[in-house]
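Participant: First the structure, which I've put down as structure tokens, then a few questions once you've had a look.
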Amino acid sequence: MEIEKYITERWSPRAFDDQKIESKILKEVFAAAGRAPSAFNEQPWSFVIGEKNTDSYQKIFDCLGEWNQKWAITAPVLIIAIAKKTYSKNGKDNAHAKYDLGAAVAHLSMKAFEHELYVHQMAGFDAEKAREVLEIPENFEAITAIALGRKGDKEQLPEDIAKTEKGVSKRNDVEEYVFTNSWGNSF
């Protein structure tokens, strides 16, 4: 895998090609998520996946906010990423579960990119509705929705959304977020 290429070319498109993703590739992508590090090797992540034209896809789609529904409709795969709130070994709160889920989604994203697939994570979804319609247990929390697929043509998007498709975004300089000795003291 060309990790440098992933790091520099990664972005979150809204225009997706609705071409079906092969089951073998989806399993590889989720297997990569499962290899992420986690506190005490707890692996507190779960995913509910919906492939286009399935009940699962429609349930996830119905949980998305209106803005996200406008563009996510073309993605061939929708996902709800879920974190387990407590440790299995002792039932105590797992304050690192969301962090660990983020690592799993990063691994998923890298493996997807290796297959020329793109990931767009969304905060704009109704987590409580997802809990209800996907029957997520109380000890788990829906954290983010994800669209997965091959990059599509931005011309297929509504005009207001197509304007947002600009490719890789500008990133902050390292000096803006890495400090030494004390906060604000650039590295």
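Participant: Whole-Hz Karplus ³J(HN,Hα) for the range 163-172, in order, using 6.51 cos²θ - 1.76 cosθ + 1.60 and θ = phi - 60°, x for Gly and Pro?
Facilitator: So the Karplus estimates, Gly and Pro as x, are 5, 7, 7, 10, x, 4, 7, 5, 10, 5 Hz.
Participant: Could I ask something else about it? Given Cα pairs under 8 Å that are at least 6 residues apart, what percent is the relative contact order of the range 68-187?
Facilitator: 30 percent
Participant: Take each complete run of DSSP H in the chain, measure how far its Cα atoms stretch along the helix's own axis, and keep only those covering 15 Å or more with mean Kyte-Doolittle hydropathy at least 0.0; list them.
Facilitator: Taking the DSSP H segments of the chain (at least 15 Å long, mean hydropathy at least 0.0), we get 23-34, 97-114.
Participant: By what distance, in whole Å, do the Cα atoms of the range 52-155 stretch along each of the three principal axes, largest value first?
Facilitator: Its Cα atoms span 51, 30, 21 Å along the three principal axes.
Participant: Can you pull the one-decimal nm distance between simple spin-label points at Ala95 and Gln58, each 7 Å off the Cα toward Cβ?
Facilitator: Reported label-point gap for Ala95 and Gln58 is 4.4 nm.
Participant: Here's something else I'd like to know. Please turn the phi angles of the range 182-187 into ³J(HN,Hα) values with the Karplus equation 6.51 cos²θ - 1.76 cosθ + 1.60 (θ = phi - 60°), one per residue in order, whole Hz, x for glycine and proline.
Facilitator: In residue order, the calculated couplings are 7, 4, x, 8, 4, 5 Hz.
Participant: Further, regarding this structure: Using a 1.4 angstrom probe, figure out how much accessible area the chain has per residue, in square angstrom, rounded to the nearest whole. All intermediate terms of the calculation are to be shown ahead of the outcome.
Facilitator: Numbers: 10880 Å² over 187 residues.
Averaged over the residues of the chain, the accessible area is 58 Å².
Participant: Let me ask something else about it. How big is the range 3-60 by the Kirkwood estimate over distinct Cα pairs, in Å?
Facilitator: After inverting the pairwise mean of 1/r, the radius is 14.2 Å.
Participant: Cross-link partners among aspartates and glutamates for Lys27, C-alpha distance below 20 Å, same-chain residues fewer than 8 apart left out?
Facilitator: Output for Lys27: Asp17, Asp18, Glu51, Asp55, Asp100, Glu114, Glu116.
Participant: Using only the Cα atoms, what convex hull volume per residue in Å³ does the chain have?
Facilitator: 149 Å³
Participant: Let me ask another. Jot down the radius of gyration and Dmax of the range 82-135, Cα atoms only, both in angstrom.
Facilitator: Spelled out, the Cα radius of gyration and Dmax of the range 82-135 are 14.0, 40 Å.
Participant: Sticking with this structure for a sec: Excluding the sites themselves, what is the longest stretch of the chain that contains no GluC sites (Glu not before Pro) in a DSSP loop with at most 16 other C-beta atoms within 10 Å?
Facilitator: Working: sites that count: Glu2, Glu22, Glu42, Glu116, Glu135, Glu138.
Longest run free of exposed loop sites: 43-115.
The values are calculated or read from the model by the stated rules, or taken from the named source; none is laboratory data. No experiment lies behind these values; they were computed from the predicted model shown. Every residue, glycine among them, receives a Cβ derived from its backbone with ideal geometry; neighbour counts consider all protein chains shown. Heads up: the accessible areas ignore ligands, DNA and RNA and are worked out on the full protein's heavy atoms, side chains in. Shrake-Rupley method; radii C 1.70, N 1.55, O 1.52, S 1.80 Å.
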